[in-house]
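Below is one structure; the comments refer to it alone.
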Amino acid sequence: MSIRSLRRLLADDPGLGAGNVLEARLALGLGLDDPLITFDTPVDDHAAWQPFTLRELDRAVRARAAALHALGVTRRDPVVVWSGAAADHVLAFLALARLGAIPALLNPNLDAERAARYIARLGAAGVLADEAHLAALADQEPGAPLLPEIGTLGAGDPEAAPAPYRHWSGDPVAITHSSGTTGMPKAVVHSHASLYAAILHRLRLPRPQGQERMLSALPAPHAATLIALNLALSSHTELAVLSGQSGAEVLEAIERWRPNGVVGFAATWADLAHHDLAARDLNSVALWWNTGDCAHEVHIRRLIATGSRETVTREGRVRESGSLFVDGLGSTEMGHSHFFITHGPGTERYGRCVGRPHAFVDCEVVGPDGEPLGPGEIGELATASPTLALGYWNDSATTFRTRLRGRFLTGDLMYRDEEGYYYHVDRAVDSVQLDGGERLFTAMSEERVLAACPDVLDCTVVAVRDGERVVTDVLLILAEDSATDLDRTKAVTAALDEATAATVREVLVVSGGDIPLGPTGKVRKVLLRERHLGAARTAGATGSTGSTGSTGVVSA
């Protein structure tokens with residue numbers, strides 16, 4: 001049986017979904033002893049970077065299912081998984097899904113106090129954690145029993161595992177959480193069908209170049225990792241799952257494991273830009289695949305200048321320098337990116353263009369009254385898709401508040417052009433209304449500053465309303481050896497639209513440590529707004545006009 005036949009058989013299976021892909025693969029009997037899933041930490045009798053075959057993966061999952069079953073875990077039990085190792089999240093998800101339980105994956109970077117409040121709000125049946133995170137919960141009140149340390153589950157007897165639970169399409173199969181950049185993360189519940197819908201779409205298409213051997217730099221507890229895992233199982237794609245997402249970790253993994261493709265979030269691509277990519281061996285990479293927030297043009301261009309890919313010429317297939325970057329826009333609630341655009345050497349459609357919608361998406365841009373807007377008009381994205389999550393666990397108020405005529409209101413401000421391409425300008429919570437009906441968009445402002453200032457590696461725009469006025473601070477992270485005392489205010493304000501430039505109070509050179517990040521690496525702009533609003537009010541109280549027209553330097 002060929003890989004193409006495998007994909008077709010799985011695509012035609014009406015009972016297949018996110019909760020039973022491993023069982024379906026085993027039943028087909030193809031490639032059971034081929035290396036398939038690799039972890040960067042030791043697991044059971046496997047050393048770090050020693051791949052699991054399908055047969056070995058099944059044994060590890062059955063061992064954990066048996067151990068969990070012996071602890072009394074059964075169908076519909078929400079069980080929290082909190083660990084620093086990607087392997088723990090992947091294997092616990094597969095084992096809990098086999099039991100019909102609901103794995104609630106928790107980002108290891110979440111602080112203990114917020115984690116405990118989140119767990120209590122879930123009403124979890126138990127908490128599976130590694131030693132470090134169990135210790136972090138010792139002084140907290142998560143309102144759920146702490147189960148044995150997660151690493152002990154591998155000692156379970158695979159032969160004692162109960163028969164796999166038979167999933168229905170609407171069964172809850174996982175709870176993942178939002179980035180938590182605006183406060184407490186929201187618990188998003190995915191169904192057996194919703195978390196697999198985009199994979200079904202992909203299985204009916206040719207497998208793209210770069211998907212033969214994929215490196216996942218996604219946060220392991222994120223829905224995107226579960227999609228990448230099930231896509232790998234469904235396509236017989238070799239997949240390595242990283243426990244960390246920093247640029248240094250990703251570069252080391254690429255040089256060690258030699259992937260054809262790398263999938264990650266925008267924060268990782270920004271971090272990679274801090275490194276000298278030309279000095280690293282990235283030749284194996286043909287494809288960079290972004291999901292979540294759309295990526296910045298300058299970061300994309302640095303990546304596609306590296307790697308190599310096969311192209312077809314009159315002389316046949318040849319390998320050319322340069323790689324491709326698939327960008328898009330997605331979220332935990334959307335379940336999968338709803339847009340896509342491919343960048344490569346020579347492509348020029350940037351400016352925060354996220355491309356066109358996937359075939360399984362029905363979306364529109366709506367105004368404040370919920371009515372659809374025309375081309376060029378900025379509004380909120382309202383989208384419908386079989387990939388959408390069921391809603392928020394134990395929070396029906398927020399679930400229904402974010403629905404409009406069967407569509408999900410994403411909180412993203414966007415517009416589409418006459419050709420049907422969509423552009424992302426900001427998150428609604430980060431934009432600010434200006435006088436005269438104009439609006440300040442922080443994400444688009446960051447895009448423009450990065451494009452105009454070559455020695456700026458990353459940029460964060462913080463806009464706050466203080467009474468009747470709006471003040472904006474622009475925070476710059478510079479390339480190594482760049483002059484920190486150079487006045488960049490004129491270059492920065494020239495890159496912005498006139499209304500936004502008029503609000504600029506300070507242009508500050510900062511270090512990475514000055515930018516507060518959420519668990520998934522997103523900038524916590526709500527904290528920055530509080531910090532800079534306080535600075536603006538202090539300046540107003542002392543009669544100072546601030547440092548408009550000059551570049552300041554701050555450090556953590």
Considering amide H positions built from the backbone, and no H for Pro or chain starts, which residues 5 or more places from ARG403, or on another chain, come under 5 Å of its amide H?
LEU409
Along segment 304-311, Karplus-curve 3J(HN,Hα) (6.51, -1.76, 1.60; θ = phi - 60°) to the nearest Hz, with x for Gly and Pro, reads 6, 6, 9, x, 7, 8, 7, 10
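Rounded to the nearest 20 debye, what is the charge dipole size of the chain about its Cα centre when +1 sits on each Lys and Arg Cβ and -1 on each Asp and Glu Cβ?
1280 debye
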Could you give me the ³J(HN,Hα) list for segment 352-360, computed from phi with Karplus coefficients 6.51, -1.76, 1.60 and θ = phi - 60°, whole Hz, x at Gly and Pro?
6, 6, 9, x, 9, x, 5, 4, 8
Rounded, prolate or oblate (a/c below 1.5 giving rounded, otherwise prolate when a/b exceeds b/c) for segment 434-527 by Cα gyration tensor
oblate
Taking only DSSP H segments of four or more residues, each worth -39500 (n - 2.57), what value at 222 nm results for the chain once the sum is divided by all its residues, to the nearest 500 deg cm²/dmol?
-8000 deg cm²/dmol
For the charge dipole of the chain, defined by +1 on Lys and Arg C-beta atoms and -1 on Asp and Glu C-beta atoms about the Cα centroid, which residue among HIS424, SER308, ALA187 has the Cα displaced farthest towards the positive pole?
ALA187
Return the long-range amide H neighbours of CYS363 (sequence gap of 5 or more, or a different chain), with a cut-off of under 5 Å between placed amide H atoms.
ALA384
Taking LYS490 as the anchor, which aspartates and glutamates have their alpha carbon closer than 17 Å to its alpha carbon, excluding any fewer than eight residues away along the same chain?
GLU446, GLU447, ASP455, ASP473, GLU498, GLU506
Hey, can you grab everything whose amide H is under 5 Å from the amide H of VAL188? Only 5+ residues off in sequence or another chain; H modelled, so Pro and N-termini drop out.
THR176, HIS177, SER178, TRP393
Under 1.5 on a/c is rounded, so check that first for segment 46-108, then, if it is not, pick prolate when a/b is larger than b/c and oblate when it is not; a ≥ b ≥ c are the square roots of the alpha carbon gyration tensor eigenvalues.
oblate
Which ³J(HN,Hα) values in Hz, rounded to whole numbers, follow from the phi angles of segment 459-465 under the Karplus curve 6.51 cos²θ - 1.76 cosθ + 1.60, where θ = phi - 60° and Gly and Pro get x?
9, 10, 9, 10, 10, 9, 9
Pairwise over distinct Cα atoms, reciprocal of the mean inverse distance: report the Kirkwood radius of segment 353-429 in Å, one decimal place.
12.9 Å
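Rule-based calculations on the coordinates, nothing more; no lab input. What you see is a predicted model; the values in this text were computed from it and never measured. So basically every Cβ, Gly included, is an ideal-geometry build from the backbone, and we count neighbours across all protein chains shown.
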